[in-house]
Amino acid sequence: MSDDSPRPDLSDIPEAVARPKRRFSFQLVWIIPIVAALIGITLAVRAYIERGQAITITFVTGEGAHHTYFEAEERGLNVLYAGHYATETLGVTALAAHLAERFELETFFIEHPTGL
């Protein structure tokens, strides 16, 4: 078998030209993630700037049921279980001092801890 087929004329084919590759080519597919990132950053900065001061509230009580400790912990509350005697005597002595000042009375408090 001989190859006697006519050869095509290659003069009609344009010559290839080499173009240097650009270092950075922006593709439109990146517009949506970039815009989303900018919006997210803007919202995060705004939330950080507009946040208020942190407020901590502490509840002082005499005694509480055992389960209230865990409820307070789960809810992020500060609870001080100070005992009945300690919390009640503070209020009574403060009231006595207020009445003594307001009405010019002589008051006294009998200290008798109960151990509770």
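Going by the alpha-carbon gyration tensor, a ≥ b ≥ c the square roots of its eigenvalues, is the range 55-116 rounded (a/c under 1.5) or, if a/c is not under 1.5, prolate (a/b greater than b/c) versus oblate? Note, shape of the range 55-116 comes out oblate. The angle separating the long axis of helix 84-103 from the principal Cα axis of greatest extent in the chain is about 60 degrees. Can you list the GluC sites (Glu not before Pro) in the range 1-99 that are in a DSSP coil and have 12 or fewer other beta carbons within 10 angstrom? Those satisfying the criteria are GLU15, GLU63. A cut-off of 5 Å between modelled amide H atoms, ignoring neighbours fewer than 5 places along the same chain, links VAL79 with PHE59. Each 10 Å bin from zero holds the following percent of Cα-Cα pairs in the range 11-116: 10, 16, 15, 13, 11, 9, 7, 6, 5, 3, 3, 1, 0. Toward the positive end of the charge dipole of the chain, with +1 on the Cβ of Lys and Arg and -1 on the Cβ of Asp and Glu, the farthest Cα among GLY91, PHE24, SER5 is that of SER5. Structural descriptor for the chain: relative contact order 17 percent, calculated from alpha carbon pairs under 8 angstrom and at least 6 residues apart.
Here each label is just a point 7 Å from Cα along the line to Cβ, and for ALA96 and ARG22 those points are 8.8 nm apart.
Bear in mind that the values in this text are calculations on the coordinates, not laboratory data. A quick note: this is a predicted structure, and the numbers were derived from the prediction, not measured. Cβ coordinates were reconstructed from backbone atoms using ideal geometry, including for glycine residues, and neighbour counts include every protein chain displayed.
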